[in-house]
Each structure stands twice: as C-alpha cells, then as structure tokens.
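**Q** Below: one structure in structure tokens.
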Amino acid sequence: MQAASNQMLGIFRHALTAMGVLAAAALALTCWEAYFKLSDPLNLQWQWDWLITAAWHLLSLLTLASLCFLWSPSRFSSRHDASVQDDQAIESLMSS
C-alpha cells in the first residue's frame, strides 16, 4: 500500500510541475501575442499570424500529451480497480 501511495504522490508532483511549466508557457505565449498584435495594429505582417494559432495548438497538444503520460496505467492500477476488489470480496465470502 505504501508503494502505491508513493507512486500517486510522485504522479501528483509530476503533474504539478507539468502544469506549472505549461501555465508559464501559456503566459509567455499570451504576452508574445499581445506584443505581436500591438506592434502591428494594421496587421501588415499577416503572413506571420498563423504562428500564434500554431503555438496555441502546440501548447494544447503538449498539455494533452502530458496528461496522457501522467495518467497512463501502471502496475498498481489494478490494485485500485473496483471490479478486482469485488471479485476478491466475493471469493473471500465463498471460501468462509
């Protein structure tokens, strides 16, 4: 039980770090977008406007990928599965 608890704590630490990095990247991207829009009010550099959209899509993809990696199944995941616990409870009731 202690190993599963330590693993969950490690997952939450990694999740906190990943979310902090992604939040800092979102803040930097927002500042860059504001600078880009304010420095070109007439949108004369419209050719570069796609970079902002691409950066937001990339940030969304990184967020999704980090969540998928952090919440991937592990060797301890079956220990917390309700169906496995129910099966074990039924087996213990039948054996007694």
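**Q** Can you compute 3J(HN,Hα) from phi for each residue in region 16-24, using the Karplus curve 6.51 cos²θ - 1.76 cosθ + 1.60 with θ = phi - 60°, rounded to whole Hz and x for Gly and Pro?
**A** 3J(HN,Hα) across region 16-24, in whole Hz: 5, 5, 5, 5, x, 5, 5, 5, 5.
**Q** Take Leu59, Leu16 and sort them by solvent-accessible surface of the protein heavy atoms, 1.4 Å probe, largest at the top.
**A** Per-residue accessible area, sorted high to low, gives Leu16, Leu59.
**Q** Report Ile52's accessible area, 1.4 Å probe, all protein chains in place, as a number in Å² to the nearest 10.
**A** Here the accessible area works out near 10 Å².
**Q** Please give the solvent-accessible surface of Asp49 in Å², to the nearest 10, using a probe radius of 1.4 Å with every protein chain present.
**A** So the heavy atoms of Asp49 present about 40 Å² to solvent.
**Q** From largest accessible area down, sort Ser74, Ser95; use a 1.4 Å probe on the protein chains.
**A** Ser95, Ser74
The values are calculated or read from the model by the stated rules, or taken from the named source; none is laboratory data. Computed from a predicted structure; not experimentally measured. Side chains included, ligands, DNA and RNA excluded: accessible areas come from the protein's heavy atoms. Shrake-Rupley method; radii C 1.70, N 1.55, O 1.52, S 1.80 Å.
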